[in-house]
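Enquirer: Here you go, one structure.
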Amino acid sequence: MSEELKLTILKKLDSEGSIEDTTAAFKGVSEEVVLGALKSLESQEKVAYVTLTTEFWTIEAEGKDQLENGSYEARIFEAVPAGSQGIAIKDLEAKFGKVAKLGQGKCLANKWVKKDGDSLVRIADSIVDQVKAGLETVHATGTHPSKDTIKDLKRRKLIKANKTVSYAVSKGAQFSTELKKQATDLTMEMMQSGAWKSAEFKKFNFKSLGVNPNGGKLHPLMKVREEFRQVFFETGFEEMPTNNFVESSFWNFDALFVPQQHAARDLQDTFYLKDPAVASSLPDFWKTVKDVHEKGGYGSIGYRYPWSEDEAKRLVLRTHTTAVSAHMLNKLAQGPYRPAKYFSIDRVYRNETVDATHLAEFHQVEGVIADKNMSLGSLIAFLDMFFKKMGMSDLRFKPTYNPYTEPSMEIFSYHEGLGKWLELGNSGMFRPEMLRSLGLEEGVQVAGFGLSLERPTMFKYDVSNIRELLGHEVDLGMIARNPACRLDKKMGREALQRSEAVDEI
Amino acid sequence: MPTIDIDKQELFDYLGNQFDTASFRELCFEFGIELEEDSSEKGQLAEGERAQLKIDIPANRYDLLCFEGVSRALGVFLRREDPPTYKVVPAAEPHRITVSAECAQVRPFVVGAVLRGVTLTAERYQSFIDLQDKLHHNLCKKRELVSIGTHDLDTVEGPFTYEAQRPEDIQFVPLNQTESMNGRRVIEFYEDDQHIKKFLHIIRDSPVYPVVYDAKRRVMSLPPLINSEHSKISLDTRNILIEITATDLTKVNMTLNILVTMFSKYCNEPFTVEPVEVVYPDGKKFVYPELEQRLMATTGEYLNGIVGIEKSNDEISELLKKMSLEAEVQGDKINVKLPATRPDILQECDIAEDLAIAFGYNRIPRVQNNEATVAAPHPLNKLSDIVRREIALAGWTEALTLSLCSHDNNFAHLRRKDNGDEVVVLENPKSSENQICRTLLLPGLLKTVCENKRYALPLRVFEVSDVVLKNAAVERGAQNQRHACALYASNEARFEIVQGLLDEVMKSLNVVSVVEANKGVRYSLEEADIPTYLPGRGANVMLINEDGSSLELGTIGILHPEVLGNFDLKTPVSAFEINIEPFL
């Protein structure tokens, strides 16, 4: 059918040059079918067409009644006898029902009749039924020359607007009357038969999206983690075994020279365990740690408070991976001196009230460098290089306080788009009280630095609520859609230009 | 990190009118404090309102917690002034506090000092109160360790006594009240007071309460709660008696020293303090405050080495002056005199930090001189990454769920029983979502599917992460275990789909199915009655070693419809979860 129609169109064009109106030319063929044929022909550039839209009016049920039987007002006028006697209104209502009321109003408005007591009396001798005449014109021509008439009939809901669509067709660049079947795809069959050589391929719409492969995807946080790991590997770091979320307070705090009354050890900030509640033992050097807290040592005056072994044994969910760094440094100290670089990226816990930027657990990125040559200057130089690999070149350092590092520095980077300095993380040189109690010899300096993994990820992937990144409230669509992570390329909010960044500030 | 509010104009005037907000922010950055906010930048100030600066102070710098401290430290840093020398001068009539034996039961220590001839203004008075608040909150650990009482010396008579009495026997009018109360009534009275109620727990249940009396047995304070109305300080007060009680002798001294070094500035003879002698029941006597400078010996070699600069000892000594530290060079040695304002300096490394700040962190030469080291991944993480990639390549999407969850999520919702030998339970969670450490990844993934119902089925989700299991054999009593869990949610359970994925994972780890081989390291699905799964549709995943011994890796199956209901899921789900550590 459609092939037939296409051929008919082509032949008509061939003989007539053009088709002015498809509705007139192909009576009885629906507009959709014509359009289908035209689109197909157009895609082969055999024809070109423009859409013609015609408005016309059809008569509604009530209109049909008035077209046949006259308008309501005409019917009422006819029912009012000539002469001063007129007719009683209630008689009209009895005879015409609903029509009486509607017709009466119009008759009065047209000054065809007047009210005389309970009766209607003629004023006009004769009338012309304009409504009926109007409907007749619409019936015959689909429209009416007078806009007011159309408007009036429409208002009375006697007629309804309609639209016809037809097409004016002309020859296309590749016009011919021959119709070749077009191939939509290259098939194995065509390859085997050689049909592809003479096949005409249907024009392809490249302004479209392909089929989603619905493949597997990796989580964005893990993608950012992978980039960080790569940078650590490039710079000679060994990954620490951080697969121990449960730590004793000893390793999490005491061994790091965090005093037992420190606010970070409050129930408000740290998750303590109910079961199991305490570590079965403390490492051999616990007395060294006790002494350095209580009395000092290694040139330090210590914190001078009574240190409690029981407090040190209380188990916690680690509040930082530095607990693991302490284990590693303790292990490193068992052998002869060698420089070492350690890193880890893993979960840590804080007893936080959850909101858009805080979770009770998050990932900490940590690096530790043990080296006799380590100084604040070489740490700064290292961090310069480290962050440069992530596309951040303009670093600045601010003195800060950490209980287990001294000197300590916050790391800042200037963000062009936001026009301000952003804090990247924290760093410093571990205190001798910590290092020496862990067994490291004097002169071995250890620098550490840390940052959260979630923060840069939220920045790179434009996630504003941390719960939509880590945890079950994640949007799997977000995971499927987001691009690969390349820390050296600007992504997400990071790529914001100054003008776009106004809302951010 | 504590934050203080400072009058902007007053501080800028003090520093010689050379700053605007931007340049002052830079100064703070360099010095290691942080200008958090300038109220005049936030919007129009109200008529007569003065611009305030909000400044973040490092948690160990108690000497910067008030206008007096921060202005002096910055003034010295800018070399506009020299740091003062604080002096203890004898009083005409010595002050004494005698401690009774009972105090040892509740709050053993007391120290004191007198500021003579003080001139207070409304601003200075407010600063004095604010500093006490800040110290109480931070150093004094919400008054638990230390609490401060201040009195108009001219309203009381020494010698004073520090005692511990039964609450019924203590009678006085508390500060800003008119009613005379005994100790019990005080507790009751302040139960609804937003400020004081937080401290009631410190002494509430003690049989005796600490109390300070003057010679006429007038109550001066009921530490750590409240001072008396009688001895309260006003703007007209000229002589201030400070008594501070504590359970921690180190911190009580730090607190006293900070208070007197900050506010002795307003004494007739600035920076002088009159001592108070404290006599303990055993007859031991101590005199406070202890304002002598501490000596700490260090070397230029050490300091230069830590910072990464090369300065002569004399240059170092000059730089340290900017940090209010006086240093004497003695050959190779540098003897640093530490003022009473700097109890944060414990070790030479603290002096190194001050040197670095004085030199300027951002002016330190950036020289990389570390020795080369060899990189290596952690074997377990390397294994995880192999499994993660294999599962993702097979068409699964990676989730990263929380390792803390409710007890029900991990047990009742999975139709599992808690035998008490598996799960680590938290002591102090703020939410029921954080009751335990998960022992399975499955509940997190089921919740993930529940949150993503809007997506077309099937959903294929996986996670490779740690769970935590109790283990009495290790020091910490618990250890992590690395699991891999994958699930398939669709209109039909299609067990064979997760089974096929498990086959792929095993293949990637070079382990074959017992269906395909009868020797070597193999795996096998052994039908088992596992309550989480539909009866007859659950199995244990077993690893069979070359020697024939076997090990349970985990489970696989079609989830029990009741389990799905518990996670608000209406579609069938099949899943497996295995421990991957045996593949290390």
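Enquirer: If you average the sequence gap of Cα pairs under 8 Å that are 6 or more apart and divide by the length of chain B, what percent do you get for the contact order?
Expert: Here the relative contact order equals 11 percent.
Enquirer: Are any of the pairs A:Lys132/A:Lys154; A:Lys27/A:Lys157; A:Lys64/A:Lys151; A:Lys420/B:Lys134; B:Lys87/B:Lys285 more than 24 Å apart by Cα-Cα distance, and if so, which?
Expert: Table pairs above 24 Å Cα-Cα are A:Lys27/A:Lys157; A:Lys420/B:Lys134.
Enquirer: Alpha carbon centre of segment B:85-160 versus segment A:256-313: separation in Å?
Expert: Distance between centres, Cα-based: 30 Å.
Enquirer: For each pair in A:Lys460/B:Lys447; B:Lys447/B:Lys519; A:Lys460/B:Lys382; A:Lys115/A:Lys163; B:Lys141/B:Lys265, compute the distance between the two Cα atoms and list the pairs where it is over 32 Å.
Expert: Over 32 Å apart, Cα to Cα: B:Lys447/B:Lys519; A:Lys115/A:Lys163.
Enquirer: Give the cross-link partners of A:Lys171 among the lysines, using a straight C-alpha distance below 16 Å as the criterion and excluding same-chain residues fewer than 8 apart.
Expert: In chain and number order, the partners are A:Lys6, A:Lys11, A:Lys12, A:Lys39, A:Lys46.
Enquirer: If you don't mind, another one. Of the options A:Leu315, B:Pro275, B:Leu441, report the single residue whose Cα projects farthest towards the positive end of the charge dipole of the protein assembly as shown (beta-carbon charges: Lys, Arg +1; Asp, Glu -1).
Expert: Comparing the listed Cα positions along the dipole, B:Leu441 ranks first.
Enquirer: Heavy-atom accessible area per residue, the protein assembly as shown, 1.4 Å probe: how many Å²?
Expert: 45
Enquirer: Next up: Could you check how much of the accessible area of segment A:133-197 is carbon and sulfur, as a whole percent, using a 1.4 Å probe?
Expert: 52
Enquirer: Determine how large the accessible area of A:Met191 is when every protein chain is in place; take a 1.4 Å probe and give Å² rounded to the nearest 10.
Expert: Roll a 1.4 Å probe over it and A:Met191 shows about 110 Å².
Enquirer: Still on this structure, I have one more. Segment A:148-225: which chymotrypsin sites (Phe, Trp or Tyr not before Pro) are DSSP loop and have at most 15 other beta-carbon atoms within 10 angstrom?
Expert: Sparse-neighbourhood loop chymotrypsin sites (Phe, Trp or Tyr not before Pro): A:Phe204, A:Phe206.
Enquirer: Something else now. Straight-line reach from A:Lys290: which lysines have Cα under 17 Å away, leaving out those fewer than 8 places along the same chain?
Expert: A:Lys313
Enquirer: When the helix-only estimate is applied to chain A (DSSP H runs of n ≥ 4, each -39,500 (n - 2.57), divided by the residue count), what is the mean residue ellipticity at 222 nm, nearest 500 deg cm²/dmol?
Expert: Helix-only estimate at 222 nm: -9500 deg cm²/dmol.
Enquirer: Please identify every one of the GluC sites (Glu not before Pro) in segment B:349-406 that sits in a loop by DSSP and has no more than 16 other beta carbons within 10 Å of its own beta carbon.
Expert: B:Glu371
Enquirer: Next question, about the same structure. Please list log₁₀ I(q)/I(0) at q = 0.06, 0.09 Å⁻¹ for chain B, using the Debye equation with identical point scatterers on the alpha-carbon positions.
Expert: Each listed q corresponds, in turn, to -0.55, -0.89.
Enquirer: As a test of the definition: with a 1.4 Å probe, what buried accessible area, both sides summed, do you compute for A against B, in Å² to the nearest 100?
Expert: So the buried area, both faces added, is about 8500 Å².
Enquirer: Continuing with the same structure: Can you tell me the relative contact order of chain A? Whole percent, Cα pairs under 8 Å, sequence separation 6 or more.
Expert: Once divided by the residue count of chain A, the mean separation gives 13 percent.
Enquirer: Quickly estimate the mean residue ellipticity at 222 nm for chain B, helices only: each DSSP H run with n ≥ 4 gives -39500 (n - 2.57), and the total goes over all residues, rounded to 500.
Expert: After summing the helix terms and dividing by the residues of chain B, the value is -7500 deg cm²/dmol.
Enquirer: For segment B:260-280 and segment B:34-84, write down the distance between their C-alpha centroids in whole Å.
Expert: Between the Cα centre of segment B:260-280 and that of segment B:34-84, the gap is 24 Å.
Enquirer: Antiparallel as a % of all DSSP beta bridges within segment A:216-347, to the nearest 5?
Expert: 75
Enquirer: Next up: Once the dipole of the protein assembly as shown is set up with Lys and Arg at +1 and Asp and Glu at -1 on Cβ about the Cα centre, which of A:Ile345, A:Gly417, B:Ala59 lies farthest towards its positive end?
Expert: Value: A:Gly417.
Enquirer: Cα centroid distance between segment B:424-452 and segment A:397-441, in Å?
Expert: 33
Enquirer: Another question, then. Which percent of the accessible heavy-atom area of segment B:66-225 goes to carbon and sulfur, probe 1.4 angstrom?
Expert: 48
Enquirer: Then there's this: Just to verify a number: FRET efficiency for B:Leu27 and A:Asp266, C-beta to C-beta distance, R0 = 25 Å, to 0.05?
Expert: 0.15
Enquirer: Quantify how strongly other chains surround peptide A:299-305 by giving the mean number of their Cβ atoms within 10 Å of each of its Cβ atoms.
Expert: Whole-number average of other-chain Cβ neighbours for A:299-305 is 6.
Enquirer: Quick check: residue separation of A:Val29 and A:Leu209 times 0.36 nm, minus the Cα distance between them. What number comes out in nm?
Expert: Using 0.36 nm per residue and subtracting the Cα-Cα distance, I get 61.5 nm.
Enquirer: Give the shape of segment B:113-165 as rounded, prolate or oblate, defined through the alpha-carbon gyration tensor: a ≥ b ≥ c are the square roots of its eigenvalues, a/c under 1.5 means rounded, and otherwise the shape is prolate if a/b is larger than b/c and oblate if not.
Expert: oblate
Enquirer: While we're looking at this one, here's another question. Sorted by mean Cβ packing within 10 Å, highest first, what order do the peptides A:237-245, B:258-266, B:33-41 take?
Expert: Most protected by this proxy first, the peptides run B:258-266, A:237-245, B:33-41.
Enquirer: Please sort by residue number the trypsin sites (Lys or Arg not before Pro) in segment B:183-259 whose DSSP state is loop and whose Cβ has at most 12 other Cβ atoms within 10 Å.
Expert: Here the trypsin sites (Lys or Arg not before Pro) that fit, given the DSSP loop and packing criteria, are B:Lys216, B:Arg217.
Enquirer: Still on this structure: Which of the lysines could a cross-linker bridge to B:Lys453, judged by Cα under 23 Å and excluding same-chain residues fewer than eight apart?
Expert: Answer for B:Lys453, where 23 Å is the Cα cut-off: A:Lys217, B:Lys570, listed by chain and number.
The values are calculated or read from the model by the stated rules, or taken from the named source; none is laboratory data. Keep in mind that what you see is a predicted model, and the values were worked out from it rather than measured. A quick note on method: Cβ atoms are made from the backbone with ideal geometry, for glycine too, and the neighbour counts reach across all protein chains shown. Side chains are part of the model used for accessible areas, which takes the heavy atoms of the whole protein and leaves out ligands, DNA and RNA. Shrake-Rupley method; radii C 1.70, N 1.55, O 1.52, S 1.80 Å.
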